[in-house]
Amino acid sequence: MLTRFTRTERFLILLRCLPACLAGVLLLAAAPLWAQTFEPTLTVGAGIQASYDHTEPAAGTDLDQFELNHLRLYFSGDITSFLSGMVNTEYNSSTNNLGVLDAVGEFHTSPMFNVWFGRFIPPTDRDNYTGPFYANLWAMYRDGIQDGYPSVFQGRDNGIAYWGDFKAGIAKIKVSVGAFDGGSLGTGSTQVLAAGRVQIDFWDPEGGYYLNSTYYGDKNLLAIAGATQEQSSKTATTVDFLMERKVMNGGAFTIESEYSNYNRLGGYNSDYLKSQGGYGLVSFLVPKQIGVGKIEFLGKFAEAQFTDGIPMGTVSGAVFASNRQKTTDAEIGYIMKQFDARLFAFGENVTFNGGVGNYWDAGLGLQLQISKQILGPK
């Protein structure tokens, strides 16, 4: 008797075979490269984000905080011409310890063929790829939309992924697909998590796997992408858009947006099984330099709808069957050395249609990064 499989079951069987298939492909692809001589490289770096934040809730006591938001140590290098490694750490404010952020073995023979294995960000939305250090916005991940995918730590998971950059006429296409450990995500399932993303760049290309949400006028960008993750027939899907144009020799005008649909996988609020929404962001980097930097003005509006609420009292008290969050951001940035030295003044207002949890906050944020190659040819 023949066994019939659903489309999802066939897809999961393929994913379980993916590591073995990729291992065979890697061995074949690397064979001509073993004999090449190569001087290894090593680059080390560090990054910090620190802030002052004043928060006023609609009900309750005002809060003033000085925070070390992020502290990261970076290590990366090339072992051979086709093998590289990356290790990044992240400070955990609740334990005052450093944790593993990325730990990746990278195999690459061309821009079209790259395989990563270890802990890293699965195929996802742009805002997860950029992280807090390469985003255009200081007040990240508060809107119920950006990077609601499940993760082990800071958007990462353990697994394997293929990615590649291709050119098709005037368009540049970036494709990534991978399989990741589902049991460590806290989703209630041990099934493998499947992830994929397709991005199309119509103007300048974006190299590499991780991305930025602005290039401060170094590129002209028109990019649109879709990403999805699936585990046990539960899905999380996003579509993101980025347009950036150089302005008047040194400035930049940027439009960014995203739509998300977390269907029982991921999401921001555990009181609700589903959520969806979108945001729009506009920024302008003034071309004229003032002192050691340039001024950037930024505004953002987001709206997220949470549905399929868990019955009242089971998680955090009163839970509505559905709820709507609206988030308005306004920021002024002082960009001294792009992502290596930035200062932000930010303000944010968050409201819910249930009237519970409304607040506004304002503050200052500082970001500094440094890196240096200490081994290998300059």
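The values are calculated or read from the model by the stated rules, or taken from the named source; none is laboratory data. This is a predicted model, so every value here is computed, not measured. Reconstructed Cβ throughout: ideal geometry from the backbone, glycine too, with neighbour counts over all protein chains shown. Heavy atoms of the whole protein, side chains included, go into the accessibility calculation; ligands, DNA and RNA do not. Shrake-Rupley method; radii C 1.70, N 1.55, O 1.52, S 1.80 Å.
Before moving on, here are some points about what is shown:
- Partner lysines whose Cα lies under 21 Å from the Cα of K337, excluding those fewer than 8 positions away in the same chain, are identified as K219, K246, K288, K294, K372.
- Note on W360: accessible area is roughly 100 Å² with a 1.4 Å probe, heavy atoms of protein only.
- Contact order relative to length of the range 224-275, as percent, for alpha carbon pairs under 8 angstrom and 6 or more apart: 31
- Efficiency of FRET from Cβ geometry, D64 and F166, R₀ 51 Å, rounded to 0.05: 0.50
- Bridging of K234 to lysines at a Cα separation below 18 Å is possible for K274, once same-chain residues fewer than 8 apart are set aside.
- Residue order for L285, L73 - accessible surface, 1.4 angstrom probe, largest first: L73, L285
- Alpha-carbon centroid distance for the pair the range 176-226 / the range 229-244, whole angstrom: 9
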